[in-house]
Amino acid sequence: MRINLTVDGTSYTDDVEPRLLLVHYLRDRLGKVGTVVGCDTSNCGACTVHLDGHSVKSCSVLAVQADGCEVLTVEGLSANGTLHPIQEAFRDKHGLQCGFCTPGMIMQTLDLLAEEPDPDDDTVRHGLEGNLCRCTGYQNIVTAVQDAAQRLRAGGAR
């Protein structure tokens with residue numbers, strides 16, 4: 001099947017097998033390896049990307065379902081060598097340990113902060129509950145999300 005989609009601002013037209021998952025299309029065809037393959041069952045959230053402005057687990061979306069859509073990956077957040085405020089907050093507040101879950105956490109945070117620009121701890125934990133981290137204990141992730149929210153409210157939004 002032929003698909004047309006925009007990924008991180010670039011348009012692509014490709015022939016794909018109907019069963020190809022979006023995560024594998026992004027990684028294997030487009031080289032967007034920041035989109036991590038974790039569980040392949042939509043349980044961990046490591047593969048989270050934005051599809052038409054909302055977070056989805058790309059291991060549960062077929063590439064053909066993204067036909068005509070805009071996809072944003074973690075690589076698409078930075079611009080001209082400058083990190084997005086959410087990426088900066090995760091770096092500065094040590095919202096990672098091994099880093100495996102971080103791209104998915106960042107992409108889910110983007111969605112969370114669009115809905116709730118000033119989340120408390122419980123709201124952050126609830127908003128990220130579909131994204132698993134096996135290393136950090138989550139506290140630095142919560143702190144990073146709240147720092148990102150503050151940066152975005154202060155005018156760091158892009």
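Looking only at region 49-106, which residues are under 16 Å from VAL36 (Cα atoms), more than 15 Å from the chain's Cα centre (by Cα) and in a loop (DSSP other than H, G, I, E, B)?
GLN97, CYS98
State yes or no: is LYS57 open to solvent by 40 Å² or more (accessible area, probe 1.4 Å), closer than 23 Å to ASP111 by Cα, charged (D, E, K, R) and touching a residue at least 24 places away in the same chain (Cβ under 8 Å)? Steps first, answer last, please.
Values: open to solvent by 40 Å² or more (accessible area, probe 1.4 Å): yes; closer than 23 Å to ASP111 by Cα: yes; charged (D, E, K, R): yes; touching a residue at least 24 places away in the same chain (Cβ under 8 Å): yes.
Here the answer is yes, as LYS57 does meet what is asked.
Within region 13-30, which residues are hydroxyl-bearing (Ser, Thr, Tyr) and open to solvent by 40 Å² or more (accessible area, probe 1.4 Å)?
As a first pass, look at region 13-30 and keep what is hydroxyl-bearing (Ser, Thr, Tyr): 13, 25.
Listed by number, the list holds a single entry, THR13.
Confirm whether CYS39 is surrounded by fewer than 19 Cβ atoms within 10 Å (Cβ to Cβ), over 12 Å from the mean Cα position of the chain (by Cα) and either closer than 22 Å to ALA114 by Cβ or among the basic types (Lys, Arg) (or both).
Working: surrounded by fewer than 19 Cβ atoms within 10 Å (Cβ to Cβ): yes; over 12 Å from the mean Cα position of the chain (by Cα): yes; either closer than 22 Å to ALA114 by Cβ or among the basic types (Lys, Arg) (or both): no.
No; evaluated as a whole, the condition is false for this residue.
What number of residues within region 90-134 satisfy the criterion of being in contact with a strand residue (DSSP E or B) (Cβ under 8 Å, 6 or more places away or on another chain), modelled with pLDDT under 95 and crowded, with 23+ Cβ neighbours inside 10 Å?
1
For the condition over 19 Å from LEU128 (Cα atoms) and free of Cβ contacts under 8 Å to residues at least 24 places away in the same chain, what is the one hit in ARG19, ARG27?
Just a single option satisfies the conditions, and that option is ARG27.
Would you be able to say whether some residue in region 112-127 is touching a His at 6+ places or on another chain (Cβ under 9 Å), free of Cβ contacts under 8 Å to residues at least 40 places away in the same chain and among the polar types (S, T, N, Q)?
no
Which of the residues belonging to region 60-78 are open to solvent by 40 Å² or more (accessible area, probe 1.4 Å), farther than 21 Å from GLY130 by Cβ and out of contact with any Gly (no Cβ under 8 Å at 6 or more places or on another chain)?
Answer for region 60-78, where residues must be open to solvent by 40 Å² or more (accessible area, probe 1.4 Å), farther than 21 Å from GLY130 by Cβ and out of contact with any Gly (no Cβ under 8 Å at 6 or more places or on another chain): ASP67, GLY68, SER78.
If THR10 satisfies every condition in (1) under 23 Å from ASN131 (Cβ atoms); (2) free of Cβ contacts under 8 Å to residues at least 40 places away in the same chain; (3) open to solvent by 40 Å² or more (accessible area, probe 1.4 Å) but one, which is the exception?
(1)
Considering only region 131-152, I want to know if a residue exists there that is on the phi < 0 side of the Ramachandran plot, without any contact (Cβ under 8 Å) to a residue 60 or more places away in the chain, in contact with a Lys or Arg (Cβ under 6 Å, 6 or more places away or on another chain) and acidic (Asp, Glu).
There is at least one residue in region 131-152 that is on the phi < 0 side of the Ramachandran plot, without any contact (Cβ under 8 Å) to a residue 60 or more places away in the chain, in contact with a Lys or Arg (Cβ under 6 Å, 6 or more places away or on another chain) and acidic (Asp, Glu).
If THR73 meets every condition in (1) in contact (Cβ under 8 Å) with a residue 40 or more places away in the chain; (2) closer than 22 Å to GLY137 by Cβ apart from one, which number is that one?
Result: THR73 passes all but (2).
So, of the residues in region 135-158 that are in a loop (DSSP other than H, G, I, E, B) and open to solvent by 50 Å² or more (accessible area, probe 1.4 Å), which turns out to be modelled with the highest pLDDT?
Of the residues in region 135-158, the ones in a loop (DSSP other than H, G, I, E, B) are 135-138, 157-158.
With the extra rule that they be open to solvent by 50 Å² or more (accessible area, probe 1.4 Å), the set shrinks to 135, 137-138, 157-158.
Numbers: CYS135: 86, GLY137: 82, TYR138: 91, ALA157: 57, ARG158: 57.
Taking the candidates together, the pick is TYR138.
The values are calculated or read from the model by the stated rules, or taken from the named source; none is laboratory data. It should be emphasised that the depicted structure is a prediction, and the values quoted were computed from it without experimental measurement. Cβ atoms come from the backbone with ideal geometry, glycine included; neighbour counts cover every protein chain shown. The accessibility values were calculated without ligands, DNA or RNA, using every heavy atom of the protein model including side chains. Shrake-Rupley method; radii C 1.70, N 1.55, O 1.52, S 1.80 Å.
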